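First comes the structure, then the notes that go with it.
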Amino acid sequence: MVTFTLTPTPEGTLLRMEQAGFRPDQKQALGGAKFGWQKFLTNLHELLERID
């Protein structure tokens, strides 16, 4: 399960993303998700910087 939380701040909006539900035997899947989300969030940040 992936949860996105948007919180207004004086500077804009804080985005918090949390993924849960991996079992202890899913270490490879967890590692892949961590890598993928980091890439996605970096790309999202770069996109938002350009349109800000």
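Values in this text are rule-based calculations from the coordinates and carry no lab data. Computed from a predicted model, the values in this text were never measured in an experiment. A quick note on method: Cβ atoms are made from the backbone with ideal geometry, for glycine too, and the neighbour counts reach across all protein chains shown.
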Can you pull out the residues in segment 9-28 that are touching a residue at least 12 places away in the same chain (Cβ under 8 Å) and of a type in the set (S, T, N, Q)? Gln19
Within the set of pairs 6 or more residues apart or between chains, which connect a residue that is closer than 14 Å to Val2 by Cβ inside segment 29-52 to a residue that is of a type in the set (A, V, I, L, M, F, W, C) with Cβ atoms less than 7 Å apart? Ala29/Phe22; Leu30/Phe22; Trp37/Met17; Leu41/Met17
Exclusive hit being exposed (fewer than 11 other Cβ atoms within 10 Å of the Cβ) and part of a helix (DSSP H, G or I), set Glu18, Glu46: Glu46
For residues that are farther than 23 Å from Glu49 by Cβ and of a type outside the set (A, V, I, L, M, F, W, C), tally how many sit in segment 1-17. 1
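Here is a yes/no grid of residues against (1) in a strand (DSSP E or B); (2) out of contact with any Leu (no Cβ under 9 Å at 6 or more places or on another chain); (3) of a type in the set (Val, Ile, Thr); (4) surrounded by fewer than 10 Cβ atoms within 10 Å (Cβ to Cβ):
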| position | (1), (2), (3), (4) |
| --- | --- |
| Thr7 | yes, no, yes, yes |
| Pro24 | no, yes, no, yes |
| Gly32 | no, yes, no, no |
| Phe35 | no, yes, no, no |
| Gln38 | no, yes, no, no |
| Arg50 | no, yes, no, yes |
